[in-house]
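This report concerns only the one structure given below.
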Amino acid sequence: MSTEALLTVVVPVRNRACMVQPTLDSIAASGCRQFRLVVVDNASTDGTLDLCRRWAAAHADSGLDITVAEEPATGAAAARNKGLSLCSTPYVYFFDSDDHFSASFVADIAPRLQRYVSGTAAASAPDMLFIPVQQQRGTSFSTRAYVHSGAPAAHILSSMLCTPSMLFRTAWLRSIGGWDARLRVWDDWELGLRALLHQPRIEWLRQKAYHRICIHPDSVTGPTLSARSAAICQALAQAHADICEASAPGAAATIASSLKALYLHAYITAAKMHREGSPQPARTLLQWAQHVQPAPSRWSRLEARALYTYVKLGGRAAWLLAWWMV
C-alpha cells in the first residue's frame, strides 16, 4: 500500500495552552503516518500558538507532516475552514483540541481510503464516513448514541454527526460550502444536517468506537444550554433555512420529516433550558418553534408538549421518543 498521505487531520485551537498538548501527543502516537496534521490557532491570547509551534518543531523528525497555521477570525468553524483551505489530501477529518485521538484510527481507516482513492472502489468513493466515537463524562465511558440512518431527521434529533464522527471527501465538503463560520455553537450539528440534505454517499463504520471525546464545563458549547441560548437559536434558524432550501430528489418528504424533527428538537431543547432554571430562554425557543410548524396538527402539538413535560421533569433519551414520532 502506498505511503502517500490520504487524510488531513485539522485541529482548531483557541486558548488551550493548558490542555492541547495531550491531544497533539495522542495524534502523534498514531503508528500509521498516512496523514497530515494541520493545527489552526484561532487568535489565542494565552500562548497556545507558541506552544503548538514548539510542539511541531519537537516532532519535526517524527515522520509526521505538521502545519501550524493561524486564523484571526474567531470561531471554531472559521478555523476549520482555514484548515480545509490548506488540505491537499483526498479526505479530511476534524478533531477537537481537548479530546484524545485513538492510536489505531489512521491505520484502520487508511486501507479503506486507499481503495477509494486508487483502488477498485474509486468510482463509488463515499462522500462521508461515519465514525463511532467514545464519550467520557468524569470516569464514565460510553459510545455516543447514533441511528444507522441517513435521514436528516435522525441527525436533527440525535446529533449523531458530531465533529469527530464525520470524515469527508475533501472536494465534496468544499462543494457544499464547508463549515458555517457564522455559527458559534452547534456548527457540527448544522454541517451534519446540511451534508445529509445533499444526499451523500455514506459508509457507516460500526465495528468499534474510536477516540475519547471529553465532556467538560470548559468545552466550546459552554456549561449549559441556557448560557448559549442566543447562539443555539441562530444554529436552529440556520438549520431551518437549510431544510427549506433542500432540492435533492425526494426533497418534499425529506423536508416534511425534517421540519417536524426540528420542531420536536426545539421543544426538547427548550425543556432542558427550563430544567436548568432558565424559563425565559425556554419560552423564546418555544415561540421560535411556531415558525417551524406554523400550523401543526393537534396530534403534533400533543406530542411536542408531552416531550417538553417529560424532559422538564428529568426524562432522558427524549430524542428516541421523538424519532418514533417522526
Practice problem: Look at the stretch 17-46 and say how many of its residues are open to solvent by less than 60 Å² (accessible area, probe 1.4 Å) and under 15 Å from Glu71 (Cα atoms). | Solution: 7
Practice problem: Mind listing whichever residues of the stretch 3-14 are open to solvent by less than 50 Å² (accessible area, probe 1.4 Å) and polar (S, T, N, Q)? | Solution: Thr8
Quiz item: Quick one: which of Gln287, Gln280 is surrounded by fewer than 16 Cβ atoms within 10 Å (Cβ to Cβ), more than 30 Å from Asn15 (Cβ to Cβ) and without any contact (Cβ under 8 Å) to a residue 24 or more places away in the chain?
Solution: Gln287
Quiz item: Considering Ala253, Ala322, which residue is over 30 Å from Val11 (Cβ atoms) and surrounded by 21 or more Cβ atoms within 10 Å (Cβ to Cβ)?
Solution: Ala322
Quiz item: Looking only at the stretch 163-178, which residues are open to solvent by less than 10 Å² (accessible area, probe 1.4 Å) and either under 24 Å from Ala256 (Cα atoms) or within 11 Å of the chain's Cα centre (by Cα) (or both)?
Solution: Thr163, Pro164, Ser165, Met166, Leu167
Quiz item: Scanning for something in contact with a helix residue (DSSP H, G or I) (Cβ under 6 Å, 6 or more places away or on another chain) and more than 30 Å from Gly277 (Cβ to Cβ), does the stretch 154-175 turn up at least one residue?
Solution: no
Practice problem: Among the numbered conditions (1) closer than 21 Å to Arg184 by Cβ; (2) open to solvent by 30 Å² or more (accessible area, probe 1.4 Å); (3) in contact with a helix residue (DSSP H, G or I) (Cβ under 8 Å, 6 or more places away or on another chain), tell me where Asp242 comes up short. | Solution: (2)
Quiz item: Considering only residues of the stretch 81-119 that are among the charged types (D, E, K, R) and open to solvent by 10 Å² or more (accessible area, probe 1.4 Å), which is farthest from Glu190 (Cα to Cα)?
Solution: Arg115
Exercise. With the checklist (1) free of Cβ contacts under 8 Å to residues at least 60 places away in the same chain; (2) within 22 Å of Trp179 (Cβ to Cβ) in hand, flag the one item Ala239 doesn't pass.
Key: (1)
Exercise. Please state which of the following conditions Gln207 fails to meet, knowing it meets all the rest: (1) open to solvent by 20 Å² or more (accessible area, probe 1.4 Å); (2) in contact (Cβ under 8 Å) with a residue 12 or more places away in the chain.
Key: (2)
Exercise. With respect to Ala195, determine if the residue is modelled with pLDDT of 95 or more, aliphatic (A, V, I, L, M), surrounded by fewer than 19 Cβ atoms within 10 Å (Cβ to Cβ) and in contact with a Leu (Cβ under 8 Å, 6 or more places away or on another chain).
Key: no
Practice problem: State all residues of the stretch 126-146 that are among the hydrophobic types (A, V, I, L, M, F, W, C), open to solvent by less than 40 Å² (accessible area, probe 1.4 Å) and part of a loop (DSSP other than H, G, I, E, B); if no residue qualifies, say none. | Solution: Ile131
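This table checks each residue for (1) over 26 Å from Gln134 (Cβ atoms); (2) β-branched (Val, Ile, Thr); (3) out of contact with any Lys or Arg (no Cβ under 6 Å at 6 or more places or on another chain).
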{"position": "Asp25", "(1), (2), (3)": "no, no, yes"}
{"position": "Val38", "(1), (2), (3)": "no, yes, yes"}
{"position": "Asp65", "(1), (2), (3)": "yes, no, no"}
{"position": "Thr74", "(1), (2), (3)": "yes, yes, yes"}
{"position": "Asn81", "(1), (2), (3)": "yes, no, yes"}
{"position": "Ser88", "(1), (2), (3)": "yes, no, yes"}
{"position": "Tyr93", "(1), (2), (3)": "no, no, yes"}
{"position": "Phe101", "(1), (2), (3)": "no, no, yes"}
{"position": "Gln114", "(1), (2), (3)": "no, no, yes"}
Quiz item: Of Thr224, Thr269, which residue is among the polar types (S, T, N, Q), within 21 Å of Cys162 (Cβ to Cβ), open to solvent by 40 Å² or more (accessible area, probe 1.4 Å) and within 23 Å of the chain's Cα centre (by Cα)?
Solution: Thr224
Quiz prompt | Count of residues meeting criterion [surrounded by fewer than 16 Cβ atoms within 10 Å (Cβ to Cβ), in contact (Cβ under 8 Å) with a residue 12 or more places away in the chain and within 26 Å of the chain's Cα centre (by Cα)] in the stretch 290-316 | solution = 2
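The values are calculated or read from the model by the stated rules, or taken from the named source; none is laboratory data. This is a predicted model, so every value here is computed, not measured. Quick reminder, even Gly has a Cβ in these numbers, built from the backbone with ideal geometry, and neighbours come from all protein chains shown. These area figures cover heavy atoms from the full protein model, side chains too; ligands, DNA and RNA do not enter into them. Shrake-Rupley method; radii C 1.70, N 1.55, O 1.52, S 1.80 Å.
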